[in-house]
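Read the structure below first, then the notes.
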Amino acid sequence: MLKNIALYMFLTIIAVACSNDKADNKNNETLEKVYTVEDLMSNDFEYKDGLITVKGLCVHICEHSGKKLFIVGNNPDNKLIIMSSDEIPVFDKKYEGNTLEVSGTLEEERIDMNYLTEWEKELAEAKEIDEEACQFETNMKKINDYKERLANSKKGYVSYYSMIGKKIKSI
């Protein structure tokens with residue numbers, strides 16, 4: 001009888017240890033997933049807080065401060081701005097032109113029809129007084145792109161993300 005109890009306890013310990021290993025592996029897989037800029041812009045992407053890793057081509061690092069970095073996906077119009085943090089106070093210019101994996105936290109701005117209507121109104125007013133007139137067409141194209149994405153959105157809004165960079169590596 002004592003042997004049966006000892007065997008039962010031994011098997012229980014092994015079962016619990018194995019299930020914990022699987023849970024740890026599942027958590028590691030979640031942390032190790034690398035997203036693209038297009039993934040972040042898709043209607044299906046939902047951010048749940050915490051660290052996330054995004055891969056893209058670094059097309060610009062702000063010259064004066066080095067505190068902003070821009071990566072693009074396959075479409076150069078799809079940009080993600082990454083801001084510096086305590087962990088990365090300044091981005092090294094050596095990253096410009098390289099494909100990077102950047103880990104950090106996302107900040108979301110929700111774009112809905114009210115947001116786009118206000119933006120259009122501001123552009124029209126600026127154009128009337130000849131401010132930003134040269135940018136009018138570019139911005140109207142962006143607005144129309146957002147309207148198209150909004151029409152296809154299940155959420156009723158389009159998420160625009162920026163990132164606070166915590167870790168960076170060139171690949």
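The values are calculated or read from the model by the stated rules, or taken from the named source; none is laboratory data. All values reported here derive from a predicted model rather than from experimental measurement. No Cβ is skipped: glycine too gets one built from the backbone with ideal geometry, and neighbour counts run over all protein chains shown.
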For the list (1) outside any loop (DSSP other than H, G, I, E, B); (2) modelled with pLDDT under 95; (3) of a type in the set (Lys, Arg), I need the number of the one condition that LYS154 fails. (1)
Those residues of segment 137-159 which are surrounded by 15 or more Cβ atoms within 10 Å (Cβ to Cβ) and under 18 Å from the mean Cα position of the chain (by Cα), in sequence order: TYR146, ARG149, SER153, TYR157, VAL158, SER159
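Give the residue that is nearest to LYS147 (Cα to Cα), with candidates limited to residues of segment 54-95 that are polar (S, T, N, Q) and surrounded by fewer than 17 Cβ atoms within 10 Å (Cβ to Cβ). Steps first, answer last, please.
Let us first name the residues in segment 54-95 that are polar (S, T, N, Q), namely 65, 74-75, 78, 84-85.
In the following step, the residues that additionally are surrounded by fewer than 17 Cβ atoms within 10 Å (Cβ to Cβ) were identified as 65, 74-75, 78, 85.
On the way: SER65: 34, ASN74: 21, ASN75: 18, ASN78: 16, SER85: 32 Å.
Here the residue is ASN78.
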With the requirement that a residue be touching a residue at least 24 places away in the same chain (Cβ under 8 Å) and small (Gly, Ala, Ser), what does segment 39-57 give you? GLY50, GLY56
